[in-house]
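Everything below concerns the one structure shown next.
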Amino acid sequence: MKKIIAYVLFFVGVLLLGGAGLYAWHTLGPQPGVTTGVDVPATVAGFSLVQTQTGQAAITAIRQLQGVDYPLSSGLVAEYGQKSATLWLAETGSQAQALELIQNLEGSLAQGGTFTPMGVFQFQNRNVYVLNGADGRTNFYAQSGRKVFWLAIAPAEAELAMKELLAFYP
């Protein structure tokens, strides 16, 4: 009898621990696209959002990437997969400022550096600026209202990612 009670208590304990762990995982775990305060896709080209950075640290990272010290109202850096894709999202005070940021990027990138401009392409009635990165990834950036987004991803996934981001940021 004592043996049966011990097994029952053990089984109940396992169920309670498992239930508590499952509850914590669902309520405290990462919530892609929700916890950032800025809308970001939960996936890009099949890669899941695994990490975001916001605030001044993100703005600093954006300025370092783009080589442009431009006033931004907010910024976000999102990592997808195991560093499979990186999204930088810069928000300015107006659409005109976002366009000016795009123009500043063009000028900065034309001076050379770690990116090789591949051209400006029209997709869904928007200019998309495509570059090759020194790390072998395809990079592209475009404007969406007051925002400018930039993505670095493997060349094989670049077209799908671009279509997804243009749809996500109309």
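Every number here is computed from the coordinates shown, using simple stated rules; none is lab data. Predicted model only: the values in this text are computed from it and were never measured.
Per-structure values
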item: Gyration tensor verdict on the range 36-170 (Cα atoms; rounded if a/c is under 1.5, prolate if a/b is larger than b/c, oblate otherwise); result: rounded
item: Relative contact order computed over the range 128-170 (Cα-Cα under 8 Å; 6+ residues apart), in percent; result: 29
